Amino acid sequence: MNNQRRDRDGRDAKGRERSGSRGRGGPRRGYSASRPSERERRATPSRQVALEGLRLVREEDSYANLVLPRLLRSWRVSGRDAAFTTELFYGSLRAQGRLDAILGACVNRPLADVEPALVDVLRLGAYQLLDMTVAPHAATSETVALARAEVGAGAASFVNAVLRRVGERTLPEWLAEVAPDREQDLAGHLAVVHSHPRWVVRALMDALAGHGRSREEIDELLAAQNAAPSVSLVMRPGLTDLDELIDHGAGQGRLSVFAAAWPSGDPGGMDLVQQGRVAVQDEGSQLAALALALGADDLVRAEDAHWLDLCAGPGGKTALLGGLTVGHDADLLAVELQEHRTELVERTVAALQEAGCEITTRTADGTTIGGELPGRFSRVLVDVPCSGLGALRRRPEARWRRTPADIGHLSTLQRDLLRSALDAAADGGVVAYVTCSPHIAETRLVVADILKERGDVEQLDAREAVRAGVLPAQRAGVDLGEGPSVQLWPHVHGTDAMYISLLRRQGAPTVEGTA
Ligand SMILES: C[S@@+](CC[C@H](N)C(=O)[O-])C[C@H]1O[C@@H](n2cnc3c(N)ncnc32)[C@H](O)[C@@H]1O
């Protein structure tokens, strides 16, 4: 199965893989036949919820960000307990590589030989001891109790012995012992210290250099990828405004003209979110959509009547584009390969459609749209499936799932989608090629290859177009690099590492009456 599809697309509404499972055929959990929801509820189930979340991510390949809210709801964990569980669960996933290096030094057999469920318990215990402000005796005794309840008495004494060894040193002391020497093996050192796979560290260093920044920024970048992102909201164009959001407790966004900042917690209960007038969306994603919907106004040289979103699910950028078609008197076609994701797009844009925006959705393979509707669209967004290496803040488990082989499969699909997007563009139409990965093979190399291959495409300077979506007060100060494409970074812009390249088609055949 295509890894990209499995990881990004092949899931049900609960975030579980639809078919096939990484856990299938692997070691089964041997400690309890029942799921937490079937077991006796405990007074403070925070750690049980975190453990069950780790199991679902490991065995069922679930997305952490979909699993956790569901578990918190079904276990009725809220307030400070929910905050504790969230930090423990996400933190243990992010720190997994570093924790395993430390645990490996405390266990007298390879960690790979320890039952996976027990490794999950050990990770939770070690994370509390080394990364959280939990009192050491509480961290150890609670984790031992968790092991006893979930695995058995023998497991409890094993966990007790291992965590006592872990607790003998602080995190810096452990890193000094288990991380390779920085001078001799920089990538290996950073991989342990910042808990990223070694190949990802290398790819990100290459990405920094390839996008005109310094490799020296790698520590800052990796640290930013490990920080929990603040919650940013997007206002659907025409459906709300900042004053209304401020009345609901939000603050002004940092960069995007459509952003608002949510102080803390889950904004999902807010009426504006439930009505589809506001949603959670990273400001980098907002800027990518706005670069095309607002910033390309002076770049489009075609009749500006038809817009296309070629990879639309779940519809976050579709909604920004769709809401802004109104001011341009245009319509928007949103294409998505996976039917269940087309349904998500439909839900996302429903309030905009009710407000009169002409948005049509369609389940189709985007690589064929250029052949089917050639030369029709004045603006095309192609937000391609990618490795997601720029969004690790919000997908803590993704770094452990991806492999270098994924990049090869993905970059072939990315090229095919970009070719189709360009074929669908009218003469003078603008295509925005977007990824949430800074990997050079998914960004600059894709664009460079397509530019080499086609004589009907010119690359535009995306910086001014991106700037058009930035709040006026920040415009002068925002560093958008050397151009012509824009690469955003968590450690520089506080956004996901979105890549945005604008291409204009010239000399496309004019198509009359294509529908
Ligand atoms: C990066 S996501 C798009 C995110 C979306 N633009 C948003 O802002 O919510 C890429 C999407 O492309 C879809 N996709 C993958 N292959 C595709 C194809 N051949 N044609 C159309 N869509 C495809 C995936 O299912 C996924 O929903």
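Here is how the numbers come out for the structure above:
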| item | result |
| --- | --- |
| Given charges at beta-carbon only (K, R positive; D, E negative), |dipole| of the chain in Debye | 2000 debye |
| Nearest 10 degrees, 0 to 90: helix 46-59 Cα axis against the chain principal axis | 60 degrees |
| Asp297 paired with Leu186, simple spin-label distance in nm, labels 7 Å along Cα-to-beta-carbon | 4.4 nm |
| 5 angstrom amide H check on Leu460, placed H, neighbours 5+ away | Leu502, Leu503, Arg504 |
| Pair-distance profile P(r), taking every C-alpha pair of the range 354-487, with 5 angstrom steps and integer % | 2, 9, 16, 19, 18, 17, 12, 6, 1 |
| Isotropically averaged projected area of the range 244-309, using the convex hull of Cα atoms (one quarter of hull area), nm² | 5.8 nm² |
| Nearest-0.05 FRET efficiency for Asp271 and Glu168, computed from C-beta distance (R0 45 Å) | 0.30 |
| Derived scalar couplings ³J(HN,Hα) [the range 128-142; Karplus, 6.51 cos²θ - 1.76 cosθ + 1.60; whole Hz; x for Gly, Pro] | 4, 5, 9, 10, 10, 8, 7, 4, x, 5, 5, 4, 6, 5, 5 |
| Mean ellipticity per residue at 222 nm, deg cm²/dmol - from DSSP H runs of n ≥ 4 across the chain, formula -39500 (n - 2.57) | -13500 deg cm²/dmol |
| Theoretical gain in end-to-end length, Ala223 to Asp456 [0.36 nm per residue, Cα-Cα removed] | 79.7 nm |
| Other-chain or far-sequence residues with amide H under 5 Å of Leu381's (modelled H) | Leu308, Asp309, Leu310, Ala432 |
| Helix 153-166 vs. the chain, principal-axis angle (Cα, 0 to 90°, nearest 10) | 80 degrees |
| P(r) weight above 34 Å for the chain, C-alpha pairs, percent | 39 percent |
| Accessible heavy-atom area order of Asp298, Asp100, highest first, probe of 1.4 Å | Asp298, Asp100 |
| Alpha carbon Rg of the range 282-505, scaled by the compact-globule rule 2.2 N^0.38 Å | 0.94 |
| Cα-centred dipole magnitude for the range 282-505, charges only on beta-carbon of K, R (+1) and D, E (-1), debye, nearest 20 | 720 debye |
| Alpha-carbon Rg with Dmax, taken over the range 42-167, Å | 13.4, 39 |
| Carbon/sulfur fraction of accessible area - the chain, other protein chains in place, 1.4 Å, % | 49 percent |
| Along each principal axis, Cα extent of the range 148-295, largest first, Å | 58, 48, 21 |
| Part-to-part distance (alpha-carbon centres) for the range 105-131 and the range 82-96, which is given in Å | 15 Å |
| Protein-only accessible surface order, largest first, of Glu346, Glu464, Glu458 at 1.4 Å | Glu464, Glu346, Glu458 |
| Among 189-197, 407-415, 436-444, the order from most to least packed when residues are scored by Cβ within 10 Å on average | 436-444, 189-197, 407-415 |
| Placed amide H near Gly429: partners under 5 Å, 5+ positions off or other chain | Arg301, Arg505 |
| Gln353 versus Gln252: modelled label distance in nm, points set 7 Å from Cα along the beta carbon direction | 3.6 nm |
| Segment Ala105-Asp206, length gained on full extension (0.36 nm per residue, minus Cα span) | 33.3 nm |
| The range 143-151 - phi-based ³J(HN,Hα) in whole Hz, Karplus 6.51/-1.76/1.60, Gly and Pro as x | 6, 5, 4, 4, 5, 5, 5, 9, 10 |
| Kirkwood-type radius of the range 123-208, with distances r between different C-alpha atoms, in Å | 14.5 Å |
| Neighbourhood net charge (14 Å Cβ-Cβ; Lys/Arg +1, Asp/Glu -1) for Ser230 | -1 |
| Angle in degrees between helix 96-106 and the longest Cα principal axis of the chain, rounded to the nearest 10 | 20 degrees |
| ³J(HN,Hα), Karplus 6.51/-1.76/1.60, whole Hz, each residue of the range 199-207, x for Gly, Pro | 5, 6, 4, 4, 4, 6, 5, 5, 5 |
| Potential lengthening between Ala83 and Arg215 on full extension [0.36 nm per residue; Cα-Cα distance subtracted] | 44.1 nm |
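The values are calculated or read from the model by the stated rules, or taken from the named source; none is laboratory data. Just so it is clear, the model here is predicted, and its values are computed rather than measured. Methodologically, a virtual Cβ is constructed for each residue, glycine included, from the backbone with ideal geometry; neighbour enumeration extends over all protein chains shown. The accessibility values were calculated without ligands, DNA or RNA, using every heavy atom of the protein model including side chains. Shrake-Rupley method; radii C 1.70, N 1.55, O 1.52, S 1.80 Å.
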